[in-house]
Each structure stands twice: as C-alpha cells, then as structure tokens.
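Participant: Questions regarding the structure given below will be posed in turn.
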Amino acid sequence: MTELILALDVPDRKEALNIAESCAPFIDAIKVGYPLVLSSGLSIAEDLASPGLPLIADFKVADIPNTNRLICEVVFSAGFDAVIAHGFVGADAARACIEVAHSHSGKAYIVAEMSHPGATEFFHDGVAERIAALAVRCGADGIIAPATRPERVARLREIVGDKAIYSPGIGAQGGDLDAVARLVDGVIVGRSIYAADDPAAAAERLSRICR
Ligand code: O7E
C-alpha cells in the first residue's frame, strides 16, 4: 500500500477545512505548507485535528541549527506530527530538526531532490545522493524525492533502503502515479485533488491506485 498525502495548498481557511473533511476517508495524511499557514495561522493545525489524520508541516526548514530548532519547537507545539526540512544546509542543521521532531515523538523528513524542472540545476551531479545519505546518517525518518523522475526515486531508494520516501509531482507537474506508486511509501498530491470539481471523488480515485 502507498500512502496518499493531500497537499492542502488552499489559502482560504474555510475552503481548506471543507476539502480536508470531504477527502479524509480517502487520504492517509495532510501536508500543510506556507500557502495555508501564512493565510490562516498556525492554529490551522488545531482546526485540522478532527479527521484524526497525521499533519505534516511542510516548511522546508533550511536555517542554522539554532533557528531550525526554534522553528521545529513551534511546529510541534502547534500540533503537527511531522516536519519537512531541507538537507542541503548540512548535517548539523538537519539534525536539529530531527532531534526536535523525535523529542516530540514526531517525524522529520529531508528533501533530497525536488520535482520541478529547475531542480536539476543544483540537485543533480550527486548532490541528491549525498543529501539522501545525510538523511540516513542523521536518523531522519525518510526523504522527499520527485515523482516526476521515477528513475531518480529508484536511485535514491538504493541509498535510503527501507526509510520512507514521499514523492510529490503527480498530476499537475506531469508525474504518473502508476509509475511511482510501487517505488515509494507515499505520494503527495495537491492540485489533482483540491482543484478538482469534486476533491473527494478525485482523492478516492487516486486512493484506489495506491491501495
Ligand atoms: O503539484 P501539486 O499541486 O500536486 O502539489 C505538490 C505539493 O508538493 C506542493 O505542496 C509542493 O510544494 C510540494 N512539493 C513539490 O511539489 N515538489 C517538491 O520537490 C517538494 C514538495 C514538497 O512537498 O516538499 C516537501 C514534501
């Protein structure tokens, strides 16, 4: 089974809550990022608590260790279950996020390679592989790898072993769910669900492929 994670990039609080509620039976977690938190505040985590799904804070934390620690303390105190951090900032900075996550019995995932076309400018030539290895070394719970490049996901799987791989880029960015579903632990899907005429029906359709 591959988890289906809803990227709730909906900047309107009420609309976001409606979509989350209607999709809840078909998804395994909700990822909240800047579009929703900057418009609605961190208390959105409390509002989203009712479906009882894990809440992932996608702030792609990328600062010095002390600032990362402060950010992650706020994230977990707000009620999130996991945080996403960048790995290119180095082991000490990534480790700060991972330590805070684990001290709250939460999880931390490290972005190894991004899904958009421009990501190949800096994430290739061995960089993503090094970040994936860093994630393993630092005790991260998993990595983020691009559904738009299944061959890269397969390569990064060789490095992270049985650590979780969560993969964005399905649908709107051109990634094919069938091509990555069996390579990863979960897919992160935004527009193909929340921008559909019927988000719950879209989530149900995707969840059938994931199951
Ligand atoms: O393209 P969509 O609408 O399906 O949304 C994809 C979501 O995944 C969106 O929230 C975007 O910010 C996120 N994402 C990527 O699209 N590509 C990446 O490389 C990384 C992420 C991401 O979520 O990073 C942390 C998991």
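Bear in mind that the values in this text are calculations on the coordinates, not laboratory data. If you're wondering where the values come from, they're calculated on a predicted model, not measured in any experiment. Virtual Cβ from ideal backbone geometry, glycine too; neighbours counted across all protein chains shown.
Participant: Please go through the range 1-32 and give me each residue that is within 16 Å of the ligand (Cβ to nearest atom), among the acidic types (Asp, Glu) and part of a helix (DSSP H, G or I), ordered by number.
Facilitator: Passing the criteria: only Glu15.
Participant: I'd like to check something: does the range 60-69 contain any residue that is within 28 Å of Thr2 (Cβ to Cβ), away from the ligand (no atom under 13 Å from the Cβ) and free of Cβ contacts under 8 Å to residues at least 24 places away in the same chain?
Facilitator: no
Participant: If I filter the range 61-73 for residues that are buried (at least 24 other Cβ atoms within 10 Å of the Cβ) and part of a helix (DSSP H, G or I), do I get at least one hit?
Facilitator: yes
Participant: Please find, among Pro51, Pro35, the residue that is more than 15 Å from the ligand (Cβ to nearest atom) and closer than 26 Å to Ile165 by Cβ.
Facilitator: Pro51
Participant: Let me confirm something: among Ser115, Ser105, which residue is surrounded by fewer than 15 Cβ atoms within 10 Å (Cβ to Cβ) and polar (S, T, N, Q)?
Facilitator: Ser105
Participant: Now a separate question. For a quick check of your reading: which helices (runs of 4 or more DSSP H) sit entirely within the range 89-189 and have at least 1 residues that are among the basic types (Lys, Arg)?
Facilitator: 91-103, 127-137, 150-160
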